[in-house]
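Structure first, then comments.
The values are calculated or read from the model by the stated rules, or taken from the named source; none is laboratory data. Since the model is a prediction, treat every value here as computed from it, not as a measurement. Note that each Cβ is placed from the backbone with ideal geometry, even for glycine, and that neighbours are counted across all protein chains shown. Surface areas here come from the heavy atoms of the whole protein model, side chains and all, with no ligands, DNA or RNA. Shrake-Rupley method; radii C 1.70, N 1.55, O 1.52, S 1.80 Å.
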Amino acid sequence: HISATLKSGCISTNLGDDISGLIVLNPGEQLIYDRQTKAATIKNVDVDKVFAWQEGSLIFQDMTIDKITKILERKYSITIYMNTVKYQKERITAKFGSKDNYEDILKVLGQIVPDFKYKIEDTKVYLY
């Protein structure tokens, strides 16, 4: 698949040999093109969420703690050990700016997740 998301302005592209393949994208729309089937779909998206990575922001939308830890590990080159299953059902929606580090994020998680406990040792984080 190939996708393009428009943040501002207006673009058009032609996916066919004639005018019937003309597609116009407006701000907040995303074009998804399947190379194999040659099918194109357009959907409305949250532009801030799509482009958050460019600004260094992290957006968690109804995300599990397990998924969040994987993202934090990749972004901050840390290792997170989850020594408990008590967070399995927790789902988080939050946005963090480019200046927030993993310690800031863990502090916020500690405020919004009941009984969230962690310990940081160098580049290792233990959830318990």
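Return yes or no: is residue 5 more than 24 Å from residue 98 (Cβ to Cβ) and among the hydroxyl-bearing types (Ser, Thr, Tyr)?
no
Only one of 92, 120 is open to solvent by less than 30 Å² (accessible area, probe 1.4 Å), in contact with a strand residue (DSSP E or B) (Cβ under 9 Å, 6 or more places away or on another chain) and either over 13 Å from residue 63 (Cβ atoms) or at pLDDT 95 or above (or both). Can you tell me which?
92
Residue-by-condition table, conditions (1) part of a loop (DSSP other than H, G, I, E, B); (2) open to solvent by less than 90 Å² (accessible area, probe 1.4 Å):
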| site | (1), (2) |
| --- | --- |
| 4 | no, yes |
| 8 | yes, yes |
| 12 | no, yes |
| 24 | no, yes |
| 27 | yes, yes |
| 36 | yes, no |
| 42 | no, yes |
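Just give me the residues in region 44-58 being open to solvent by 40 Å² or more (accessible area, probe 1.4 Å) and either among the hydrophobic types (A, V, I, L, M, F, W, C) or assigned to a strand (DSSP E or B) (or both), in sequence order.
44, 50, 53
Please tell me if residue 48 is of a type outside the set (A, V, I, L, M, F, W, C) and farther than 18 Å from residue 116 by Cα.
yes
Where the second residue is open to solvent by 10 Å² or more (accessible area, probe 1.4 Å) and part of a helix (DSSP H, G or I) and the first is at negative phi and lies in region 61-72, which pairs have Cβ atoms under 6 Å and are six or more apart or on separate chains?
72/102
Return a yes/no flag: does region 80-89 have any residue that is of a type outside the set (A, V, I, L, M, F, W, C), open to solvent by 80 Å² or more (accessible area, probe 1.4 Å) and more than 23 Å from the chain's Cα centre (by Cα).
Within region 80-89 (the criterion being of a type outside the set (A, V, I, L, M, F, W, C), open to solvent by 80 Å² or more (accessible area, probe 1.4 Å) and more than 23 Å from the chain's Cα centre (by Cα)), the answer is yes, since at least one residue qualifies.
Would you mind stating whether residue 127 is of a type outside the set (D, E, K, R) and under 16 Å from residue 3 (Cβ atoms)?
The answer is no for residue 127.
How many of the residues making up region 68-115 are basic (Lys, Arg) and either within 23 Å of residue 51 (Cβ to Cβ) or in a helix (DSSP H, G or I) (or both)?
6
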